[in-house]
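Beneath this line is the structure, given in structure tokens, with notes to follow.
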Amino acid sequence: MADQIQEFNDYRAKMNEVILDKQNKVINRLFNLDTNTYAEGALSTKVKEMLGLVSSMVLRCDDCIKYHLGKCHEQGITTEEMYEIFAVANIVGGTIVIPHTRRAAEYWDLLMNN
């Protein structure tokens with residue numbers, strides 16, 4: 001189970017390096033903007049990760065969902081909080097988000113049991 005988490009994180013890191021090494025100004029600035037968006041500010045990093053997760057679920061991006069689940073786990077979000085986040089995502093995104101909620105719940109369990 002922990003292998004799935006490590007595999008996801010390793011692949012993401014490897015491919016980010018490949019992409020950033022090409023030194024495309026626009027892509028590098030976009031990645032930097034993304035990083036800075038989630039930094040502590042008027043909103044805490046915890047709140048920002050929860051917002052990122054809801055947005056990712058509504059947009060139905062499974063890689064983004066896994067990434068934000070991992071960050072939420074790092075922020076100490078509880079399972080009770082996580083299921084409220086799932087509820088917000090489903091009410092905003094509609095029933096089309098349910099399959100992504102299933103995969104998110106499965107990945108959350110992996111994170112919590114790792």
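Cβ-Cβ distances below 9 Å connect the following pairs, each with a first residue in the range 6-24 that is farther than 20 Å from D62 by Cα, a second residue that is surrounded by 12 or more Cβ atoms within 10 Å (Cβ to Cβ), and a separation of six or more residues or different chains: L20/I27; L20/N28; L20/F31; K22/N28.
Beta carbons closer than 9 Å, at least 6 apart along the sequence or on distinct chains, never pair a first residue in the range 56-68 that is outside the structural domain of A87 (by TED's automatic domain parsing) and at positive phi with a second that is at pLDDT 95 or above and in a helix (DSSP H, G or I).
Residue check: T35 meets all listed conditions (1) among the β-branched types (V, I, T); (2) over 23 Å from N16 (Cα atoms); (3) loosely packed, with under 14 Cβ neighbours inside 10 Å but one, namely (2). Being of a type in the set (D, E, K, R) and closer than 15 Å to E81 by Cα holds for only one residue in K66, K48, and it is K48. Take the conditions (1) in a helix (DSSP H, G or I); (2) farther than 24 Å from D3 by Cα; A39 misses just one of them, which is (1). Candidates are the residues of the range 1-37 that are farther than 24 Å from L51 by Cα and of a type in the set (A, V, I, L, M, F, W, C); the one that is modelled with the lowest pLDDT is M1.
The values are calculated or read from the model by the stated rules, or taken from the named source; none is laboratory data. Note that the coordinates shown come from a computational prediction; the quantities given were computed from them, not determined experimentally. Backbone-built Cβ (ideal geometry, glycine too); neighbour counts: all protein chains shown.
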